[in-house]
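Presented below is the structure to which this report refers.
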Amino acid sequence: MVVGDVTTGTDVLIIGAGPGGYVAAIRAEQLDLDVTLVEKDAYGGTCLNHGCIPSKALISAADVAYDAGHGEHMGIDADPAVDLSGMIDWKNEVVSGLTGGVEKLCKANGVNLVEGRAEFDGGNTVRVAHSGEGQGSESIEFEHAVIATGSRPVELPGLEFDGENVIDSKGALALDSVPAELVVVGAGYIGMELSTVFAKLGADVTVVEALDGALPGYEDDVARVVKSRAEEIGVDFHFGEAAQGWDESGDGLTLRTENDEGEISEFGAEKVLVAVGREPVTDTLSLDALGLEPDEKGFLVTDEYARTEVEDVFAVGDVAGEPMLAHKGSKEGQVAAEVIAGEPAALDYQAIPAAVFTDPEIGTVGLTEAEAEEEGFEPVAGQMPMRASGRALTLDEPDGFVRIVADRSSGFVLGAQVVAPEASETIAELGLAVEMGATVEDVGATIHTHPTLGEAVMEAAENAQEKAIHTLNR
């Protein structure tokens, strides 16, 4: 039986239940607004289902397998057997627990959940086509709308995803066996994370990148540490090679690339993983019905209140522009809900941390030295190498460093770059320092537990003041 079209109303309509959408929904309900949250796929969005969480689960599992099999110098002799299917089952348990938790939290907070695909239908109305054959549709009238539809992997011409030969990150995280040969197109953060995972699991991994280095957007000395470690693990890099297409070849395929001189190279593989970035999902919403138009990259322009050019419509998360980070989307969702409720809230982007879960990890926040100088500061930087960290050595992870960037005259911490084990955790302290206006004297004077990786933060702050004890002062 086909369910007839019905019309309902809500104070706040939110499209997309990822980290931006579900946070906005819960916060709006806490502020006594009636909230309807529409999701066409799975609660938690890409982050929980196909990105942040599943990738980190596999990274952790790969680390266990690799470390166990490479501990001879520590007196450990082991030959672990990798069952990728079993890893995927465990990863899926982690994911289902978290996505189920999001759904329960939304319901417990009184959010009205609607499954289906939403499109704006003129005025303050959306039409939702429900999932499943014969399920019909409904129209929802709203006072305010929050667009949180996230992003999707970018496809390259000639390398369209087919789920079998050419896969995206979602497909890579669902493989049931380790490919003997894997070619990764793209040496950005997704490509570097996944190439490291599969190399540790035993794949012969080749990375091709059109640019001249890995991790574009990160400082050279940061990227160099990660690239060198990936090479130690067995990843083979080819830079200045733009992927052009592929052909079937025996039991696998051959990827064709071209360099700036027009020279063609070929790389054999069982699978090709394309990881050249993500693009916002704004073309499925019929935004023209609102009179709203994305910019040339597909993003929705927003102000410091997460509001678009249309007064009652907000955008949060990946659709609202770079950086495309889950925690940035969550903060935007919170601010949008509070602004809608009339609360005094606004976004402040000066201290958004970012992390790359490579080996070692990367964590950054605020300004680099070059950026600080461009903004008119006279920067001073303090640095602590992890090879001088007792804790890093006991973890057998001596690669990398902690660097703090400060204003020379005032001592205020302007930013930090960490490439080290657990950098994703260490960067939180430095983000707090930037946010609260702490000085390097404040950070250096804070007693840190010994032996910990966090001590490197204290030492870097001391180094910026030319009084470090465990590393030479600049």
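The values are calculated or read from the model by the stated rules, or taken from the named source; none is laboratory data. In this text, all values refer to a predicted model and were calculated from it rather than measured experimentally. Here the Cβ is made from the backbone with ideal geometry for all residues, glycine too, and neighbour counts use every protein chain on show.
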*Among the strands (runs of 3 or more DSSP E) contained in the stretch 202-289, which hold 1 or more residues that are within 23 Å of the chain's Cα centre (by Cα), surrounded by 15 or more Cβ atoms within 10 Å (Cβ to Cβ) and not polar (S, T, N, Q)?*
204-209, 236-239, 271-274, 278-280
*Quick one: which residue in Gly291, Gly252 is modelled with pLDDT under 95 and either basic (Lys, Arg) or farther than 23 Å from Leu194 by Cα (or both)?*
Gly291
*asked:* Going by what's in this entry, would Ser137 be described as in contact (Cβ under 8 Å) with a residue 60 or more places away in the chain and among the hydroxyl-bearing types (Ser, Thr, Tyr)?
replied: yes
*Looking only at the stretch 290-322, which residues are aromatic (Phe, Trp, Tyr) and part of a loop (DSSP other than H, G, I, E, B)?*
Phe299, Tyr305
*So which residues in the stretch 304-328 are of a type in the set (Val, Ile, Thr) and touching a residue at least 40 places away in the same chain (Cβ under 8 Å)?*
Thr308, Val313, Val316, Val319
_Search result, residues across the stretch 101-115 that are in contact (Cβ under 8 Å) with a residue 40 or more places away in the chain and either outside the structural domain of Gly51 (by TED's automatic domain parsing) or farther than 26 Å from Thr282 by Cβ (or both)_ = Leu105, Asn109, Gly110
*Would you please list the contacts, defined by Cβ atoms under 7 Å and residues six or more apart or on different chains, that run from a residue in the stretch 14-35 that is farther than 12 Å from Glu338 by Cβ to a residue that is in a helix (DSSP H, G or I) and among the hydroxyl-bearing types (Ser, Thr, Tyr)?*
Gly18/Thr46; Pro19/Ser330; Gly20/Ser330
*Would the stretch 430-451 turn up any residue that is at pLDDT 95 or above and touching a Ser or Thr at 6+ places or on another chain (Cβ under 6 Å)?*
no
*Pick from the stretch 56-79 the residues that are buried (at least 18 other Cβ atoms within 10 Å of the Cβ) and touching a helix residue (DSSP H, G or I) at 6+ places or on another chain (Cβ under 6 Å): which of them is farthest from Leu173 (Cα to Cα)?*
Tyr66
*Out of Leu182, Leu215, report the one residue that is touching a helix residue (DSSP H, G or I) at 6+ places or on another chain (Cβ under 7 Å), of a type in the set (A, V, I, L, M), more than 26 Å from Thr364 (Cβ to Cβ) and not assigned by TED's automatic domain parsing to the domain that holds Asp89.*
Leu182
*Out of the stretch 348-367, which residues are surrounded by fewer than 20 Cβ atoms within 10 Å (Cβ to Cβ) and over 14 Å from the mean Cα position of the chain (by Cα)?*
Asp348, Tyr349, Gln350, Ala351
*Could we say that Ala118 is touching a Lys or Arg at 6+ places or on another chain (Cβ under 8 Å), assigned by TED's automatic domain parsing to the domain that holds Val23, under 21 Å from Thr8 (Cα atoms) and modelled with pLDDT of 95 or more here?*
yes
_Residues that are assigned to a strand (DSSP E or B) and surrounded by fewer than 22 Cβ atoms within 10 Å (Cβ to Cβ), drawn from the stretch 403-434_ = Asp407, Phe412
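With Gly75, Gly69, Gly45, Gly86 as the choices, which residue is at positive phi and free of Cβ contacts under 8 Å to residues at least 40 places away in the same chain? Spell out the reasoning first.
Numbers: Gly69 fails: at positive phi; Gly45 fails: free of Cβ contacts under 8 Å to residues at least 40 places away in the same chain; Gly86 fails: at positive phi.
Only one candidate passes the filter, namely Gly75.
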*Please specify each residue of the stretch 435-457 satisfying the condition of being without any contact (Cβ under 8 Å) to a residue 40 or more places away in the chain and either surrounded by fewer than 14 Cβ atoms within 10 Å (Cβ to Cβ) or not in a loop (DSSP other than H, G, I, E, B) (or both).*
Met436, Gly437, Thr439, Glu441, Asp442, Val443, Gly444, Ala445, Ile447, Thr449
*Give the residues of the stretch 3-19 that are in contact with a strand residue (DSSP E or B) (Cβ under 8 Å, 6 or more places away or on another chain) and either buried (at least 18 other Cβ atoms within 10 Å of the Cβ) or not in a strand (DSSP E or B) (or both), sorted by residue number.*
Val3, Asp5, Thr10, Val12, Leu13, Ile14, Ile15, Gly16, Ala17
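Look through Lys227, Lys170, Lys200 and report the one residue that is modelled with pLDDT of 95 or more, more than 26 Å from Ser151 (Cβ to Cβ) and outside the structural domain of Ala57 (by TED's automatic domain parsing).
Lys200
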_Given the criteria in a helix (DSSP H, G or I), touching a strand residue (DSSP E or B) at 6+ places or on another chain (Cβ under 6 Å) and at negative phi, does Ala336 qualify?_
yes
_Residues (free of Cβ contacts under 8 Å to residues at least 24 places away in the same chain and in contact with a Gly (Cβ under 8 Å, 6 or more places away or on another chain)) located in the stretch 271-294_ = Asp283
*For the stretch 368-389, state whether one or more residues are without any contact (Cβ under 8 Å) to a residue 60 or more places away in the chain and closer than 23 Å to Pro451 by Cα.*
yes
_Among the residues in the stretch 30-43, are any assigned to a helix (DSSP H, G or I) and either more than 30 Å from Gly171 (Cβ to Cβ) or in the same structural domain as Ala203 (by TED's automatic domain parsing) (or both)?_
yes
